[in-house]
Amino acid sequence: MPSRAVVIGAGLAGMLAAAALSTAVDEVIVLERDDLPTGPEHRRGLPQGRHAHLLMAGGLTAMDDLLPGMDIRLRLLAKGAHEISFSSGMLARTPEGWLRRWRPEGPRMISCSRALVDWAVRDAVLGLGGEEVGRARVEVRRARAVELLGDAGRVRGVRVSTAARGREVDAEPGIEGDALHDHDHDHDHDSDADLDADLVVDASGRGSRILKWLTALGNSEVREKTVDAGLVNATRIYRTPAGAEGFPLTVVHADPYSGRPGRSGMMMPIEGDRWMVSLAGSRGGEPSADPDEFLRHALELPDPVVGRLISGAEPLTDIHVGRGTANVRHYVEKARDWPDGLVVLGDALATFNPTYGQGMSVAALGVQAFARELARGGPTAPGLSRRVQRAAARSVDAAWAVAVGQDVWYPGTRGGQPGTADRLVAAYSRRLTRTATGSYQAAAAVWDLSSLTTGPTRVLRPRTLLATLNGPLLPPLTEPPLTESERKILRSLDRTGRAG
Ligand SMILES: Cc1cc2nc3c(=O)[nH]c(=O)nc-3n(C[C@H](O)[C@H](O)[C@H](O)COP(=O)(O)OP(=O)(O)OC[C@H]3O[C@@H](n4cnc5c(N)ncnc54)[C@H](O)[C@@H]3O)c2cc1C
């Protein structure tokens, strides 16, 4: 009997999982409830795609490993994405002060729209298969998974509704207005069909119904944890002003430790000669969709640079406001019983406050762990699912520690309070960041951690520890580290009348 895998969701985790499966089974079917665009365009099933998405080096390397010969980096750059060096290509103001710019070396990140990342990966995965290369072709089917088939010991397939699209609804808390709505009673049962599978991957993202589906199979022991700082994002796209094409990615980070709501702002260059400007605020400090308020939020950050940049820039879109940014984790790897034939990856497994730019990379790293297990024992090896979940939990653990370790400090955060361990970690991480403002050693550790190229123990290496202990070697910068020509560009764009 030919073997078949079914993947729920054609987002990033789903398409990457399909690529991993294409070497291990005869047939890979990806179920997607949304209409997929043929090009790099925004789609309704991915509301977060309207907001800033930085692809970190750790995620990109995992993608390249999963898609051999496809060179995602080159595909993105060919379509106008920007490659940004952590060490030299950005202006970053941390709560401890401005990071310096050093030689262009070390990790890089990709700055482009989320739609472009998804399209590049989807296009590569769909072009990967064929008998001649010994891989199954990946088929994307427009259908919505509504239930798992099987029992508590083994998942044997998926019930799908081909009345694929959920009801479209107006905004509700946590979901942007253009999201697709997936209530169980919203579909027409006449159009349901059962799809058998040897292996099912839930990659249905933040809105996954995995706990509900598992309960229906008789497994209700997966623990869920939510830590929610109430972060709201507001994003607008601008035309890159003439002459400002080389202006660095600029970010003013929020301060989790001030006792006040965290506010931040970022300008990132994206394909098509555009700037994507995303402002964010935790509960009590939310940005607004009103253009004047939007500008004021940017100007009132601890440094007004983002506001000054956009004060004279031409907006190309309205301001989109998005919620649904909580850290949510399904402790699948800790469940006493876990069915064979079911793997949960990407946001369906864990989501993080997006400020830290980790979700896509953690999804890719989780799929990489899945691919390793598939290569080791094949798709039906006993205990495969459990081993995958344990391996995927390692990158989730690291990202969770970064995001939740900071989010618990914001006033009004729900679901978490700083404990003794958080205080120790916060004290060390603040000292490391302060040191990074004036020490290459410490700055390099911060870039490695942020780019997900190394695990959290990177910050405890002897040279980093020593540097952190000694503190910054150079005095703090009082202004963003701009070159003379960048300073001129900023002055020419600034309509706020501020000097500098
Ligand atoms: C505002 C914001 C900004 C972010 N910024 C960054 C960033 O800078 N860097 C970063 O790395 N990450 C970022 N993230 C996180 C990133 O968006 C996610 O981690 C990433 O999308 C996870 O991919 P996924 O494939 O698991 O889920 P998704 O990309 O959400 O894909 C899930 C797919 O499943 C489909 N689907 C859902 N239910 C069903 C069903 N029942 N049947 C069939 N199909 C279904 C959906 O339509 C969708 O296509 C950000 C998130 C937010 C909210």
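The values are calculated or read from the model by the stated rules, or taken from the named source; none is laboratory data. Bear in mind the structure is a predicted one, so any value in this text is a computation, not a measurement. Backbone-built Cβ (ideal geometry, glycine too); neighbour counts: all protein chains shown.
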Next on the checklist: Can you list residue pairs whose Cβ atoms sit under 7 Å apart, with the first residue in the stretch 356-374 being closer than 17 Å to residue 342 by Cβ and free of Cβ contacts under 8 Å to residues at least 40 places away in the same chain and the second being within 9 Å of the ligand (Cβ to nearest atom) and of a type in the set (Val, Ile, Thr)? Count only pairs 6 or more apart in sequence or on different chains.
Outcome noted: none
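For every residue, the table says whether it meets (1) out of contact with any Lys or Arg (no Cβ under 9 Å at 6 or more places or on another chain); (2) over 30 Å from residue 2 (Cα atoms); (3) among the hydrophobic types (A, V, I, L, M, F, W, C).
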site: 347; (1), (2), (3): no, no, no
site: 351; (1), (2), (3): no, yes, no
site: 360; (1), (2), (3): no, yes, yes
site: 363; (1), (2), (3): yes, no, yes
site: 397; (1), (2), (3): yes, yes, no
site: 408; (1), (2), (3): yes, yes, yes
site: 423; (1), (2), (3): yes, yes, no
site: 433; (1), (2), (3): yes, yes, no
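Take the conditions touching a helix residue (DSSP H, G or I) at 6+ places or on another chain (Cβ under 6 Å), near the ligand (Cβ under 10 Å from one of its atoms) and not small (Gly, Ala, Ser) and apply them to residue 63. Does it pass?
Details: touching a helix residue (DSSP H, G or I) at 6+ places or on another chain (Cβ under 6 Å): yes; near the ligand (Cβ under 10 Å from one of its atoms): no; not small (Gly, Ala, Ser): yes.
In short, no.
For the stretch 303-350, which residues satisfy the criterion of being part of a helix (DSSP H, G or I) and within 17 Å of residue 264 (Cβ to Cβ)?
So the first thing to find is which residues in the stretch 303-350 are part of a helix (DSSP H, G or I), and the list is 305-311, 332-334, 346-348.
Hits for the stretch 303-350 are 305, 306, 307, 308, 309, 310.
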Next on the checklist: Anything in the stretch 175-222 that is more than 23 Å from residue 363 (Cα to Cα), in contact with a helix residue (DSSP H, G or I) (Cβ under 8 Å, 6 or more places away or on another chain) and either crowded, with 20+ Cβ neighbours inside 10 Å or modelled with pLDDT of 95 or more (or both)? List them, or say none.
Outcome noted: none
Next on the checklist: Take residue 92 and tell me if it is at pLDDT 95 or above, crowded, with 21+ Cβ neighbours inside 10 Å, under 24 Å from the mean Cα position of the chain (by Cα) and in a helix (DSSP H, G or I).
Outcome noted: no
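If only one of 388, 396, 408 is farther than 19 Å from residue 117 by Cβ, touching a strand residue (DSSP E or B) at 6+ places or on another chain (Cβ under 9 Å), more than 16 Å from the ligand (Cβ to nearest atom) and touching a residue at least 40 places away in the same chain (Cβ under 8 Å), which one is it? Write out each step before concluding.
Numbers: 388 fails: more than 16 Å from the ligand (Cβ to nearest atom); 396 fails: more than 16 Å from the ligand (Cβ to nearest atom).
After ruling out the rest, the residue left standing is 408.
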Checklist outcome for this item: Scanning the stretch 237-263 for residues that are touching a His at 6+ places or on another chain (Cβ under 9 Å) and in a loop (DSSP other than H, G, I, E, B) gives 262
Checklist entry - Given the structure, is residue 444 more than 15 Å from the chain's Cα centre (by Cα) and away from the ligand (no atom under 14 Å from the Cβ)? => result yes
Next on the checklist: Within the stretch 336-345, does at least one residue satisfy the condition of being within 14 Å of the ligand (Cβ to nearest atom) and of a type in the set (D, E, K, R)?
Outcome noted: no
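Could you list all residues from the stretch 97-152 that are part of a strand (DSSP E or B), within 16 Å of the ligand (Cβ to nearest atom) and within 30 Å of residue 82 (Cα to Cα)? Show your work before the answer.
In the first step, residues of the stretch 97-152 are kept if they are part of a strand (DSSP E or B); the result is 97-98, 108-112, 130, 135, 138-142, 144-150.
Remaining after also requiring within 16 Å of the ligand (Cβ to nearest atom): 108-112, 138-142, 144-149.
Selection gives 108, 109, 110, 111, 112, 138, 140.
Which residue, of 457, 478, is under 29 Å from the mean Cα position of the chain (by Cα), farther than 22 Å from residue 355 by Cβ and surrounded by fewer than 15 Cβ atoms within 10 Å (Cβ to Cβ)?
Working: 478 fails: under 29 Å from the mean Cα position of the chain (by Cα).
None of the others qualify; the one that does is 457.
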